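Asks: One structure, as structure tokens, below. Some questions next.
The values are calculated or read from the model by the stated rules, or taken from the named source; none is laboratory data. In this text the structure is predicted, and so the values were computed from the model without any measurement. In this analysis, Cβ positions are derived from the backbone assuming ideal geometry, glycine residues included, and neighbour counts consider all displayed protein chains. Please note that ligands, DNA and RNA were not included when accessible areas were found on the heavy atoms of the full protein model with its side chains. Shrake-Rupley method; radii C 1.70, N 1.55, O 1.52, S 1.80 Å.
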Amino acid sequence: MNRLFIFLASAAIAQTVPVLVTPCRLADTRDSSYGTLGPPSLVAGQTRTLNLLASPCLPAGPAYSGYMLNVAVVPKPVLAYLTIWPAGQSMPLSSVLNAPTGIVTANNISVPAGANGAISVYAPNNTDLVIDLYGYYVPGAAGPAGPTGATGSTGAAGPTGATGATGNGSAAPFTIEGISPISVVQSNTGALVYTVGLAGYHPSPPATSRDSCAAGDWAQDVPWIAQPYYYYCVAANTWKRALLPALEVW
């Protein structure tokens, strides 16, 4: 299975907070047990709208702004490309994956939620489609930074005022497999910056998921790699690997 990693830039997603979840299958066009998210297969040249909120993978309540999805295709027999976009909007000119040789191909994407939380998919060739959810986006609150306290009468600096609510470069913690000192910081430009706050740094990444480590240890690939992985030791000699915001478990 081929696997690529991409992030679909979107103003709607840039203003929200990512939440990672245990991977859950949303749709499978080969399996009738998925109801409206099951058969039939995608028909060549026809757009299909998928109401993801019909899946039990997405609990009722949150106002979902977007989804983190692993999308796989099983071509019949080849697939030039697959396009996915928010339902109710115009189809983009870009594709999320290509399978011209006919092999099963998968890709991790983030896509904004469309009308009624749905997404639209299009393929120019017949293919089956399998979609897994591994996270979603919800609106994040923002507020001004708190004031700094006044200087004391003796000339010494006065105490720093209490930190106010998270500002327009909002920061929101999220948990990766039970580890919570990871912060996602959203700048005023909408760019996502990831800050690692774990002790136990390893100078080189583990070779396998069972390399020696203590819970809380971490490592990362060399910084000149275009999309470096981060590695977290969740238990003794048990590594997990992440390409933020997507989590991939060995």
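Asks: Which residues, taken from the stretch 41-75, are in a loop (DSSP other than H, G, I, E, B) and closer than 26 Å to residue 19 by Cβ? Working first, answer last.
Replies: Residues of the stretch 41-75 that are in a loop (DSSP other than H, G, I, E, B), as a first pass: 41, 43-45, 51, 55-65.
Once the filter is applied, which keeps residues that are in a loop (DSSP other than H, G, I, E, B) and closer than 26 Å to residue 19 by Cβ, the stretch 41-75 yields 51, 55, 56, 57, 58, 59, 60, 61, 62, 63, 64, 65.
Asks: Please count how many residues of the stretch 88-145 are open to solvent by less than 20 Å² (accessible area, probe 1.4 Å) and hydrophobic (A, V, I, L, M, F, W, C).
Replies: 14
Asks: For the stretch 210-221, name all the residues that are buried (at least 16 other Cβ atoms within 10 Å of the Cβ) and modelled with pLDDT of 85 or more.
Replies: 211, 213
Asks: Could you count how many residues in the stretch 119-142 are part of a loop (DSSP other than H, G, I, E, B) and at pLDDT 95 or above?
Replies: In the first step, residues of the stretch 119-142 are kept if they are part of a loop (DSSP other than H, G, I, E, B); the result is 124-126, 140-142.
Next cut, at pLDDT 95 or above only: 124-126.
Summing the residues that are part of a loop (DSSP other than H, G, I, E, B) and at pLDDT 95 or above in the stretch 119-142 gives 3.
Asks: May I ask you to list the residues in the stretch 32-48 that are open to solvent by 40 Å² or more (accessible area, probe 1.4 Å) and under 19 Å from residue 79 (Cβ atoms)?
Replies: From the stretch 32-48, those open to solvent by 40 Å² or more (accessible area, probe 1.4 Å) are 32-36, 39-40, 43-48; that's our starting set.
Within the stretch 32-48, 39, 40, 43, 44, 45, 46, 47, 48 qualify.
Asks: To continue, here is another question. Can you find even one residue in the stretch 11-19 that is surrounded by 14 or more Cβ atoms within 10 Å (Cβ to Cβ), more than 24 Å from residue 229 (Cα to Cα) and touching a residue at least 40 places away in the same chain (Cβ under 8 Å)?
Replies: Initial filter on the stretch 11-19 (surrounded by 14 or more Cβ atoms within 10 Å (Cβ to Cβ)): 12-19.
From the residues that got through so far, the ones that are more than 24 Å from residue 229 (Cα to Cα) too are 12, 15.
If we keep only those that are touching a residue at least 40 places away in the same chain (Cβ under 8 Å) too, we end up with 12, 15.
Taking every residue of the stretch 11-19 in turn, at least one turns out to be surrounded by 14 or more Cβ atoms within 10 Å (Cβ to Cβ), more than 24 Å from residue 229 (Cα to Cα) and touching a residue at least 40 places away in the same chain (Cβ under 8 Å).
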